[in-house]
Amino acid sequence: MRIGSVALVLSSAVALSLLTSCSSVTLGSNQGGGSSPIPEKKTPVITWATPAAITNPAPLTSAQLNASADVAGTFAYSPAAGTVLSAGTQTISTIFTPTDAADYRTVTATVSLVVNPAPVDPGGGGSACNSGRSNGVASFVYVSTGDQQDTNYQIYGFAVGEDSSLTAVPGSQFATEGVAPLGTVGRGSNLFGADSYKIYSYAIHSDGCISEVSSLVAGQPAGTGIAGQPIYSGPTSLFFDPKYEDLYSSVFVPSEEGYYASFSFDGNTGQVAPINATATNPASEYPLTIASNDRYAVSATCYYRVGPQISEFKREDNGALKYVGSGLFPEPAVGSHYCPQGVAADRSNHIVIQVRPYTDCGGPFCDPSGPWQFAIYTVDDAGTLSTNSTWKNMANNGFPVTQNGVTFGFSPDGKYFEANDGAEIQLFAWDGENSVLTPMGKISGGSSCTSSDCSGPQFGSIAWDGERIYAVLGDRLLVYLLKPSGVESAPGSPYAVPHAASVSVVTPMAN
């Protein structure tokens, strides 16, 4: 051995002694010597087999909540034992905390559980609904309740009498885990609802009583909003195609493009399943309308991320929607352009789009230069969207220039048209052959709003049943009759429905 310029010769015994003593020293990765490092914690091994399917309303028990670990510790399950899950494929999770927390880390695990819907008893005897499925001999009205701060969601059900009065159906009110404020849509013996996360399916029994048969996760957690409230990317509306063959939802995705999701459903069981095909477009977090030819659909928006846009879609044979291009705008006045908002379709391939003129200031967010107007289009069998509407011949929607765009639509039979700005509802007769809207009256009683404040409740959603009109206003459901002489309140109206959010009518389906 040489140290500096001095040679040092060691005997073999001394060299061996030095090597042996050195080999017993362990250096940490960030140490040049000294104390030993803290050992890394071990990961417990969790074993949790996929449980067998159960049938609603069976609660969760140890038969499903039976995970095990290779070390001692405790399991905390979510949902907990005793919880009754909705029908559908549900996720169960657990957190395992080891007894020896110094040497083992906490871990999580999940499994999927299939919850079959409760069987429908055609002869009666159900725990909540004592009759079989609806055979379409009566119309029923359903009102979903609740608001963004209210988690006590319910659905009120009413049977419609010959004199247009309403009677509560057996079992009303029906507690739900979701639905409000997006509301429900109905078809024959099925009622469908959605919140911002799931789509729910209900069986309508012959007396109007409803029972949940399935739920389908249609959204994903997407962070938190004001006061820590969760934000989901999920449904913002539900609607059918004109023949009631498929169910559709517009889906909101924060900070991204939305899309339209397509679902099939079994008319006998009410089970909903994704078609696994979507139409993606920047305007698609807003509802679209499928034309009466059942092949083409249109959406319209003036959303800030994309500017003014009219979008066209084709409905494929499997029910999926395919984006096919942009539609044309009505001819504006010189120096103006149009901001569209909302679409409605009649029963004869007409499309109505609400538009508002803006001065030509480089974008859609300048002050409006006129009131909202209704542009009328036609859709042919090839999907061509055309219009003769111009700034000269379009009818105003009749609401003040300062108001935001209104909600509007046709009655299911295509005979009538309504426009609702929250403060009042204007009603029109629709002449599809000549594309003419004729005023028939208005419903007043809602509160006027400024851009930041409302003085009271406003009219919410509207539903039609022939010449009957249903509207929600605050804590009330109102029923009106449309007659040649105008609009009048129906017998028994209004009806108390706390936190009324949305109304829908389920009418008989033609075989």
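Summary table below
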read-out: Filtered residues of segment 302-339 (kept if among the aliphatic types (A, V, I, L, M), under 30 Å from LYS415 (Cβ atoms) and under 21 Å from the mean Cα position of the chain (by Cα)); value: LEU321
read-out: Selection count, segment 145-172, where residues are polar (S, T, N, Q), modelled with pLDDT under 90 and not in a loop (DSSP other than H, G, I, E, B); value: 2
read-out: Residue in segment 393-406 that is at pLDDT below 85, of a type in the set (Val, Ile, Thr) and buried (at least 17 other Cβ atoms within 10 Å of the Cβ) present; value: yes
read-out: Counted residues, segment 45-70 - those being farther than 24 Å from SER211 by Cβ, touching a strand residue (DSSP E or B) at 6+ places or on another chain (Cβ under 6 Å) and surrounded by fewer than 15 Cβ atoms within 10 Å (Cβ to Cβ); value: 3
read-out: Residues satisfying the stated conditions in segment 410-459, i.e. in contact with a Pro (Cβ under 9 Å, 6 or more places away or on another chain), among the aliphatic types (A, V, I, L, M) and buried (at least 20 other Cβ atoms within 10 Å of the Cβ); value: LEU427
read-out: Tally of residues being outside any strand (DSSP E or B) and modelled with pLDDT under 85 across segment 334-350; value: 2
read-out: Check on LEU238, under 23 Å from GLN90 (Cα atoms), among the hydrophobic types (A, V, I, L, M, F, W, C) and modelled with pLDDT under 65; value: no
read-out: Counted residues, segment 454-492 - those being in contact (Cβ under 8 Å) with a residue 60 or more places away in the chain and either small (Gly, Ala, Ser) or over 12 Å from PHE158 (Cβ atoms) (or both); value: 9
read-out: Looking only at segment 175-202, and only at residues there that are touching a Pro at 6+ places or on another chain (Cβ under 9 Å) and in a strand (DSSP E or B), the one that is modelled with the highest pLDDT; value: SER201
read-out: GLU312 vs. criteria modelled with pLDDT of 85 or more and surrounded by 15 or more Cβ atoms within 10 Å (Cβ to Cβ); value: yes
read-out: Complete set of residues in segment 340-356 that are buried (at least 22 other Cβ atoms within 10 Å of the Cβ) and more than 27 Å from the chain's Cα centre (by Cα); value: ARG356
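The values are calculated or read from the model by the stated rules, or taken from the named source; none is laboratory data. Bear in mind the structure is a predicted one, so any value in this text is a computation, not a measurement. As a convention, Cβ positions derive from the backbone with ideal geometry for all residues, glycine included, and neighbour counts pool all protein chains shown.
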